[in-house]
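The block underneath contains the structure these notes are about, expressed in structure tokens.
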Amino acid sequence: MAQHTAMDHMFTFFAVVHDPRRQHPTTLHPLETILTITILATICGAQNWVEVAHWGQAKAAWLAEFLDLTQGVPSHDTFGRVFAVLDPESLQQAFVSWMNALADLSHDVVALDGKTVRRSLDRADGKGPIHVVNAWASANELVLAQFKVDAKTNEITALPELLRMLNLTGAVVTIDAMGCQVEIARQIQVQGADYVLSLKENQPGLYHDCDDLFAWLRGSHPLDQPVSWGHAEQVDGGHGRIETRRVWSTEALEGLISGERWPGLTSLVMVESRRQLGDEESVERRYYLSSLPGATDADAQRLNHVIRTHWEIENRVHWVLDVAMGEDINRARKGESAQNLALIRKLALNLLRQERSVQVGIAAKQKRAGWDHDYLLKILSQT
């Protein structure tokens, strides 16, 4: 009974996925069977089509209790062919619907960042590796969506499309310097969210104005020019390294940046990271534009938290995808297979993260799911 409930739960989301083979009379395996085996096998640690097929064969008796296996378990070639022609938008729609059922983004930090699937390049067809932009919700611990960057463009064109997939009401969106664009800020505001956007020297005038402003703020300025600003400091250390992180924020924008040009812009932020390792010391300063308040020390502390949270997408998503799930060495490349399989990996990662009854890492959860059908179904039924 539990397995049928878990499967029915999944099928409610994946019913929207269109089967591109419907016009072919030689079709042997229902799309439902192919999708289900791929998702379950990936949760259990399968990293390519051969491993997915082998997992299905090993679990055939159990799978036959709820899947149509009258023609046996599909071969690895069948899995590869189907995912190569499967419409990524249709699969993405199912994925986003499921994640929306899991996530409450109010007060969450949603980080957008890109990742290249390095072994997805196809020299025979003259295609480079695919690059996708991912959306990560920190408090929910979920990848919310991905969007493939067109080979002839860059992340700027992908960001608006990715943002439109998400219900961002009440969230704070963080993006690196590529997304520090007026139209991106406007779209985030229209969708009911705040933003913290990294500012770098690709916008030299604005960057140097911020640099001059914070140099003045941190210096001595006349008493007849009071400025409301916030400051926060954090010290971290380990392995002989000491890092002192200082954050300054201010709402003193008059004469520096037009609020009409940057919708919702409220504060500017500077983060100074001073790292000391033995006798060596390095200093790095970074600047940000934000629609969050920045006039008090409490504001500066919140902005520091948001900015630090952005980098979780590297450690808790991209690193795990490469190390625990083998994304960077995966050679799926034909048609849409690399993009589709990348989304299945994120689905598996999300479901593994949401299951918290076992306090172990992702790799250990994958092994247990492979050993224990009840635990696998428990992971699958997250809602």
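Among 79-86, 373-380, sorting by the average number of other beta carbon atoms lying within 10 angstrom of each residue, highest first, gives 79-86, 373-380. Length gained on full extension, Ala215 to Glu161: 15.7 nm, using 0.36 nm per residue less the C-alpha separation. Between the helical axis of 88-102 and the longest alpha-carbon principal axis of the chain there is an angle of about 70 degrees.
When you work out D = kT/(6 pi eta Rh) for the stretch 226-311 at 20 °C and 1.002 mPa s, using the Kirkwood radius from C-alpha pairs as Rh and the Stokes-Einstein form, the result is 156 µm²/s. Projecting the Cα positions of Val320, Ala348, Thr309 onto the charge dipole of the stretch 269-375 (unit charges on Cβ atoms of Lys, Arg, Asp and Glu, taken about the Cα centre) puts Ala348 furthest along the positive direction.
Between Trp62 and Tyr207, 0.36 nm times their residue separation minus their Cα-Cα distance comes to what?
46.2 nm
Between the stretch 319-383 and the stretch 11-76, the C-alpha centres lie 16 angstrom from each other. Going by a ≥ b ≥ c, the root eigenvalues of the Cα gyration tensor, does the stretch 186-345 fall in the rounded group (a/c under 1.5), the prolate group (a/b larger than b/c) or the oblate group? Note, shape of the stretch 186-345 comes out oblate. With both residues required to sit in the stretch 52-177, DSSP beta bridges show an antiparallel share near 80%.
With all protein chains kept in place, the per residue accessible area of the chain amounts to 46 square angstrom at a probe of 1.4 angstrom. Summary of packing: across the peptides 322-330, 242-250, the per-residue average of other C-beta atoms within 10 Å ranks them, highest first, as 242-250, 322-330. Distance distribution note for the stretch 302-383: the fraction of Cα pairs above 14 angstrom is 69%. Overall shape: oblate for the stretch 184-223, with the ratio a/c of the largest to smallest alpha carbon gyration tensor axis at 1.5 or above and b/c at least equal to a/b. When a 1.4 Å probe is rolled over the protein heavy atoms, the share of accessible surface on the chain that falls to carbon and sulfur comes to 50 percent.
Phi angles across the stretch 29-40 convert, under the Karplus curve 6.51 cos²θ - 1.76 cosθ + 1.60 with θ = phi - 60°, into 3J(HN,Hα) values of 10, x, 4, 4, 5, 5, 5, 5, 4, 5, 5, 5 Hz, Gly and Pro given as x.
When the helices in the chain are scored as -39500 (n - 2.57) per DSSP H run of 4 or longer and the sum is shared across all residues, what 222 nm value do you end up with, to the nearest 500 deg cm²/dmol?
That comes out to -12000 deg cm²/dmol.
Taken about its Cα centre, the stretch 247-383 carries a charge dipole of roughly 820 debye when the Cβ of each Lys and Arg holds +1 and the Cβ of each Asp and Glu holds -1.
Can you tell me what percent of all Cα-Cα pairs in the stretch 16-174 are more than 21 Å apart? Beyond 21 Å sits 57 percent of the P(r) for the stretch 16-174.
When volume of the Cα convex hull per residue in Å³ is calculated for this entry, the matching label among (1) 129; (2) 194; (3) 163 is (3).
Gain on full extension, evaluated as 0.36 nm per residue between Gln234 and His373 minus their Cα-Cα distance, stands at 45.5 nm.
The values are calculated or read from the model by the stated rules, or taken from the named source; none is laboratory data. Worth saying up front: this structure is predicted, and the values here are computed from it rather than measured. Note that we place each Cβ from the backbone using ideal geometry, even for glycine, and neighbour counts take in every protein chain shown. Heads up: the accessible areas ignore ligands, DNA and RNA and are worked out on the full protein's heavy atoms, side chains in. Shrake-Rupley method; radii C 1.70, N 1.55, O 1.52, S 1.80 Å.
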